[in-house]
Each structure stands twice: as structure tokens, then as C-alpha cells.
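Below is one structure, written out as C-alpha cells, with a few remarks after it.
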2 protein chains.
Amino acid sequence: MRAVDIIRAKRDGLVLTADQIGWMVAGASDGSVPDYQLSAWLMAVWLRGMTTDETAALTEAMVDSGVRVDLSTLPGVKVDKHSTGGVGDKTSLVIAPLVAACGVPVPMMSGRGLGHTGGTLDKLEAITGFRTGLSLDEFRAQLADLGCALIGQTRDVAPADRTLYALRDVTATVESLPLICASILSKKVAEGIDALVLDVKVGSGAFMQSERDARALADALVSLAERSGLHVAALLTNMDAPLGRTIGNALEVRECLDVMRGGGPADLVALSLELSALMVWLGMPGSSLDASRDLVRITLASGAAFDRFRAVVERQGGDVRMIDDPQQLPHAAVQRPFPAPRGGFVERLDAGILGRAAVLLGAGRARADDRVDPAVGFDLQATVGDAISVGAPLIVVHARSAADADAVWPMLTEAVRIADQAPAPQPLILDRLGAAR
Amino acid sequence: MRAVDIIRAKRDGLVLTADQIGWMVAGASDGSVPDYQLSAWLMAVWLRGMTTDETAALTEAMVDSGVRVDLSTLPGVKVDKHSTGGVGDKTSLVIAPLVAACGVPVPMMSGRGLGHTGGTLDKLEAITGFRTGLSLDEFRAQLADLGCALIGQTRDVAPADRTLYALRDVTATVESLPLICASILSKKVAEGIDALVLDVKVGSGAFMQSERDARALADALVSLAERSGLHVAALLTNMDAPLGRTIGNALEVRECLDVMRGGGPADLVALSLELSALMVWLGMPGSSLDASRDLVRITLASGAAFDRFRAVVERQGGDVRMIDDPQQLPHAAVQRPFPAPRGGFVERLDAGILGRAAVLLGAGRARADDRVDPAVGFDLQATVGDAISVGAPLIVVHARSAADADAVWPMLTEAVRIADQAPAPQPLILDRLGAAR
């Protein structure tokens, strides 16, 4: 085979064979197909698309480019959750210990934040000492002992995806449905899980801005995950406003601890419970979704999720004093309230703008090698639909310096809209797809 | 500017500004835009196209990536000819001295053969000692003295085109109208010429197989050349069968010498005369095309083109004994006749297949760094429309070895078709475009 022939075929809109796709991906992985041919091929894929068969072959080839983690010696149906990325989207920290406490093992491999969306690993690393880089043996042992481990993708999981993603990022070929699906699912399949719950975000703070695009992504992910042998369910959820009341790594850990202690904002609690219920439902063959909902609610209320999270933090080297006393989590030097510019009802808190503002504060990454500051971010004092008086603190900005706080001020002004009347309430969960439909 | 934004804009079908195009081309030239971004951009251009404005900006940027040869100190309208490439397409060797002998200076920069089409430089180098790598000073001095010089593109002419072409070759982005036009014209504009005659080939041995595609290419080249300030005319000519009776470098030189001595095959003579007449017409303001036709015919018959060619060969270091006695040109070890498989009329001699067979013999290049054998090739004993008896020699194969001749035998069988009746005659010149329309 020759790369140029495979590029030409895709350029001309032909359907590639699994062999051709496998050959290109192997070439990406071992370096035998040079970057300039991979990027021309990626652009042809972006513009010509791929069939479901092609995307499945791409997923399979990316899995085969690295190790497939073997969790078959562990009992139970292994379930993970994947979110397509949002702002204040911190459910993983609640879900993983909660579902594990319900008896369903959760081998969770997460990513770092890039762009305006946060990443689970960055949040966990706000806890001093927390190690996200476990070896696969440590990972398996912890899963056996605690039913749950929270780690980053190891370098030997789907290495072809890393090569291709790095190229996509600099060649304007990120936003392609088949490429996105194969990238997400190859890493999940390689984890060795049996079932997967997807949280597909839609709105200003999401990768997909329109419900139509998000639904297409959810549909494609569900059908591909099923072809890859995973039991799968997906929620389509709103990401026009941040989830919960905090954005920024330590602030989000604190909020998750609130939830695990029985408090926390209603939207974060509701979404964490529903995603957990789907995971338990998939993880306990024969259970009903309603019974799973009851089980996760009771388990959360019992404090078992908190205890399990504390045990995970301890096992992964984190400072449990920060769990027992969230005041010990990192604090930013400057905490300045952003006052409501007028009185009325909060109509909009634009998640996309707030996410980009958080990156500017240092909470996220503009480039993959940027360092993240765990302490900075935003603490929302009110959310969409709340009444507020002019001048009342609407957002507390946690920043490294007054200059940093100044820098994001205009973005906050742009992100906030206050109206005379309360906006019509918007559903958080727009739809459910896959096994649970 | 960022390459990823320019790639994205073209991916989305937007029209790029001259600044954006200039920035990408400069990046190709100085290496600041990496190959993988250039190739993604080229694929986006291939699939989305370019407007005439964009293509003109691309041409201009590629010219500006290198030197623009200054021929303004030389008197006269400087005219060159460019062919899009064919099999047995050897007119340059006749045209350059013929037009120069008519008093119009011909600063001819040519390429090497690649793929199944031949290249003027390879043909000239069949003459022992012939130097195609003159310095620009030598080039100018020879033009002043002899009115004509035949050289290769120097490395400082349109270097960005070299970078982009090398990428296009391995990323299936060669066959794009705007990219082809900019590549051809940037090199011609950089030569410092005033006028250009284009020979756009159509047929099995040409880059464009259909008349519609070839006409689109000719139209685009003519309008872009005019925008670049060149006086331009173009012929659309048939390339289903080889031009003339020889394919292969030394064999083609011999045939051109026949033409310059007043003999040679009718098709080669006719096309050489018409292209020369167009060049003289563009090169002599105020002349008519008919008067130019008379002038080139009389000049060829006078032997002046032959004398001028001999002087050029001598000046460029070639062995003039090969010009005075073509028997001195390189000979292949094996000369084996391919007999007519049946009696009748030659209906087809497929130029594409014969061109590829000639590459297999060693007359051309499968890869840019292949070495060419000047002696090998094909000598056609009959051409399309001729009557032939079964077993009569139809093609004499000039090969390095019997094994080489054996290797091309099945291709010759495939290339030849003999019918009971003479095929309807096909015109050689299909149309004329541009200034001469």
C-alpha cells in the first residue's frame, strides 16, 4: 500500500477499506507515514467524511496501535463515563466514588483540560500529592481494592490517537465527527471497560454549540460504541451556563466535596445522580433504571461516596486533610467580587466566555504544555434564574493578582446578562440515547 | 497570522486574501510553516478550489519567493513556449532555434521528464556534453549572442513551487487547476519573459485526458498569464498518439534534426511551425499571424533553424559531431522490431501506455532522482491511419537488454490496435485560445 493512494481515494470521496485505514493508523503510530501525508489525509477525511464502517475501522485501528488494558480478572461489569467537555463540568469526581460505592467498578481514565473546558486530572491535582499517573498494575490493584481509580491515559493507550490529535490541532481538522468519535472511543475501548455512559454537552460552553450537532455526535458515539462491543447510554445535556457554581480546579473539588457531603448546587447533584444511575444500571445486569436511581440517591445520602473518595485520595497519594477540611485546598491571593451591573434576574452566564476567562486566569491551558494554577477561577454567587440586586456580588473572582482580575473583567461583563423578568427555566438533561432509550 | 486559521478558512470554502496566500507561500519558502500544515492546506485547496484572484495571488507569491530574472537589457519581445507534457513531445528543440532565427529572442527554461511524459532537458542531455545548467549571466550573454538558450530552472526561480510541488506529489494534490496554473506560470513569469505560447495537451498521453478538462486548464492558464502581464496564446492539441515517430531522448533529438533539415514527420513539423508562428506573432508587434506562418516556414526551409541549433549546442558545450551526424548519438544495445499483430490499418498507438513503457526502458523517471538512459525508447515505423501488413515491423524497441525489451512487450501489445478500415483522421490542433483567438 502507498499513503498517496489512500489519500487520493479519500480525496475522491471513496470508502476506504479497514485494511487501508489500519495501514494509515499503523503508519501514524510507528512513524512510517510522515506527518505531511497524515495531515493531507485528515483534511480529506474532514471534507469527505467517513461511513460508520470506516469510523469503526479507524477506532479499532487506533485501539490496536497500543495496549488494550485487560481487566477481565476483576469481577463485575466495568463502567466508565465520558463527557465531551464543558465548563464547571466536575461530575467525574462525584460519580466515580459514588458508582463504586454502589458496587460497580469504575476504571476511569481521564484527560487534561485544553481550550476553555476543564479536565478531571487537573481538578484532582488541585489536591496536593494526588498521583494521576499510576502504573497499570497499581491501577488494577486499586480497582480490586476500592472499586475505583482515577488516572490519566497512559502513553501506551492508543498512541496513534496522540499523533493524529496533535496534527489535527494545528491543521484545522479537529471538528470532524468520525475523527472525534474514533478519538474518544479508541481510548475508552482500550481501557478494558464493558460499558460506557456518555455526557454529550450542547451550548456555548460545549464543543457542539447546536443541539443538532450535539445530537449527531451522540448518535454517532452510541452506535460506534455498540459496534465496539460496549454497552452504552448517553445523555444530551445543556452547557449554556457553567455546571454548578464553581469554575477552577480547587474550587470545583470543594464543590464536589459539598455534593458528597449531601449539599452542593441542584444542577450538579441532579446530573451526577442521573449519570451515576445510568452507570449502575449498565453495570448491574437485571437492574432497572428506577432502582438504580434509588440506589445512587441513597448511597450518596449515606456518605459512602464521600468515604470512598477519601479512600481513593489517600490511596493515590493525595493530602486527605484537604478532603476533611476543604479550607486547606489552595487559595488564590486575590478574591474580588464582580458586582451585578443592574438589578433583576440572571438571564445568562455564558459558559464559553467564563471558560475562556478561567483559562486567562490560569485555571486551564491555551497550549498543551501550559501549567495550570489550582487556586484560580470563579465562584458564582447566583446562577441563571436567580434574582439579584444591583451591586450585589454575582461572581467572586479568584486570581493570582489584581492585574489578572482586571484582565478578565471585560469578559465577565460580556458573559453576564441581567433581565427584568426571570427567564423561562431550561431543562438540564435534553435527551437520553442508547441502551436507556 | 497563523497557518491553522488560513487552513480553516480554505477548509470552510472561504476566499483567502492575497496577504494570507503570500504568508503561506513565504512560510513554505523559508520553512516557517511546517510541511504538515502546508499539505493540509493543499488538500483544502484541492477540494475547495481557488478563485482567479486567489490563483493570481498564489502565482505572484511563488514568483516573489525567488529571483525574477531581469532580461530588460536585451532588445526585443522575449517569448517562451510551455507544453503541459506529452509523449514524443519534442517541439521545443525545433521551436527555440527556429523562432530565434526569425529574430525573436527565446529564453527557454525547461523541466525534466517525470512520470510518462518526457522533458526537454533530458532530450538535450542526450547530446554528449550539453550543459543545461548555465548561470544567469551565461544565459543572458548567450541570449544576446544567439537569440536563444535552453536551460533548466535555476534553484532560485520560484523555490516555493519546488517545496509545494514535492508535497503535492506525495499527498494526492497534484491535479488541481489553481495549483497547476500557479506552478506553471510562476516559473514562466520569474523567467523575465514578455510573451508565452502554451501547448495544452489532451488525450491518453496527456495530463488532461478529456477535452473539457484540458480546455478548462487552457482557459485558466491564458487568463492568469494575462493577469500576470504576459502576452499569451494557447493551442489545445491532441495527445492520444505520440507526437512524431520517436519516443526516447536520443531518438527524439535525431527526429528534431530531421525536421530542422527539412524532413521529419508531418505532425511534428506542423505543430512546430504553428507554435513557432504564434511565438513570432507575439514577438513581433504589428505582424500578422499569416505573415508569421510564412516567415517560420521559409526560415525552417532555409536551414537557419538547424544552423542556430548547431550554434546553441556548441555554445552550451554539446558535441556538435552528433548534430552533424546523428548516427553519433547514443545507441541502445538491443534494437528489436515489434511486428504488427495483424494486417490492416493502425487505429491506435496509445501515447499513455507507450510513455509508461518508455519509462520502464529507462527513457524517463518513475521517481525524481532516477537516472535516464539517453539511448533507449521507441521508433515508430508507422503511425495512426497507416496501412500495415501482418508481421511488418510496427515499432522498433531500443533497449538496454533483451530482458528489458521483453518486459515492455505486453505493454506494446496493449498500446497497439489495428483495424480493418482506416480510422477517421483526427485533427492535431483542436483549438486556439488567448491573444490569437
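So is B:Thr154 buried (at least 22 other Cβ atoms within 10 Å of the Cβ) and modelled with pLDDT under 95 or not? Here the answer is no, as B:Thr154 does not meet what is asked.
So that you can scan it fast, the table gives a plain yes or no per residue for (1) closer than 20 Å to B:Pro34 by Cβ; (2) touching a Pro at 6+ places or on another chain (Cβ under 9 Å); (3) buried (at least 22 other Cβ atoms within 10 Å of the Cβ):
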{"site": "A:Arg8", "(1), (2), (3)": "no, no, no"}
{"site": "A:Arg11", "(1), (2), (3)": "no, no, yes"}
{"site": "A:Gly31", "(1), (2), (3)": "yes, no, no"}
{"site": "A:Gly49", "(1), (2), (3)": "no, yes, no"}
{"site": "A:Asp53", "(1), (2), (3)": "no, no, no"}
{"site": "A:Leu58", "(1), (2), (3)": "no, yes, yes"}
{"site": "A:Val63", "(1), (2), (3)": "no, no, yes"}
{"site": "A:Gly66", "(1), (2), (3)": "no, yes, no"}
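Inside region A:1-22, residues that are closer than 13 Å to A:Leu42 by Cα and either touching a Ser or Thr at 6+ places or on another chain (Cβ under 6 Å) or within 8 Å of chain B (Cβ to nearest Cβ) (or both) make up a count of 5.
Restricting region B:327-372 to residues that are in contact (Cβ under 8 Å) with a residue 40 or more places away in the chain and of a type in the set (Asp, Glu), the residue that is surrounded by the fewest Cβ atoms within 10 Å (Cβ to Cβ) is B:Glu347.
From the list A:Asp386, A:Asp370, A:Asp350, which one is within 30 Å of A:Ser135 (Cβ to Cβ) and outside the structural domain of A:Phe207 (by TED's automatic domain parsing)?
None of the others qualify; the one that does is A:Asp370.
Residues in region B:226-242 that are modelled with pLDDT of 95 or more and small (Gly, Ala, Ser): B:Ala233, B:Ala234, B:Ala241.
Listed by position, the strands (runs of 3 or more DSSP E) enclosed by region A:350-437 that each have at least 1 residues that are within 20 Å of A:Ala333 (Cα to Cα) and among the hydrophobic types (A, V, I, L, M, F, W, C) are A:377-380, A:393-399. The set of residues in region B:84-107 being closer than 27 Å to B:Val359 by Cα and modelled with pLDDT of 95 or more consists of B:Val87, B:Gly88, B:Asp89, B:Lys90, B:Thr91, B:Ser92, B:Leu93, B:Val94, B:Ile95, B:Ala96.
Within region B:10-33, being more than 17 Å from B:Arg162 (Cβ to Cβ) and assigned to a loop (DSSP other than H, G, I, E, B) holds for B:Asp12, B:Gly13, B:Leu14, B:Val15, B:Leu16, B:Thr17.
Of the residues B:Val359, B:Val346, B:Val372, the single one that is of a type outside the set (Lys, Arg) and at pLDDT 95 or above is B:Val346. Note on region A:176-196: among residues that are over 21 Å from A:Lys78 (Cα atoms) and touching a Lys or Arg at 6+ places or on another chain (Cβ under 9 Å), the one that is farthest from the other protein chains (Cβ to nearest Cβ) is A:Leu179.
There is at least one residue in region A:312-319 that is free of Cβ contacts under 8 Å to residues at least 12 places away in the same chain and in the same structural domain as A:Thr84 (by TED's automatic domain parsing). Taken over region B:155-174, the residue count meeting the criterion of being among the acidic types (Asp, Glu) and within 23 Å of B:Lys81 (Cβ to Cβ) is 2. In region A:162-175, the count of residues that are more than 14 Å from chain B (Cβ to nearest Cβ), farther than 20 Å from A:Thr91 by Cα and under 16 Å from the mean Cα position of the chain (by Cα) is zero. Which ones in region B:115-149 are within 14 Å of B:Ala363 (Cβ to Cβ) and surrounded by fewer than 19 Cβ atoms within 10 Å (Cβ to Cβ)? B:Gly115, the sole residue that qualifies. Close Cβ contacts (under 7 Å, 6 or more residues apart or on different chains) running from residues in region B:418-437 that are over 26 Å from B:Phe338 (Cα atoms) to residues that are among the hydroxyl-bearing types (Ser, Thr, Tyr) comprise B:Ile429/B:Thr237; B:Leu430/B:Thr237.
The values are calculated or read from the model by the stated rules, or taken from the named source; none is laboratory data. Computed from a predicted structure; not experimentally measured. We place every Cβ from the backbone using ideal geometry, glycine too, and count neighbours over all the protein chains shown.
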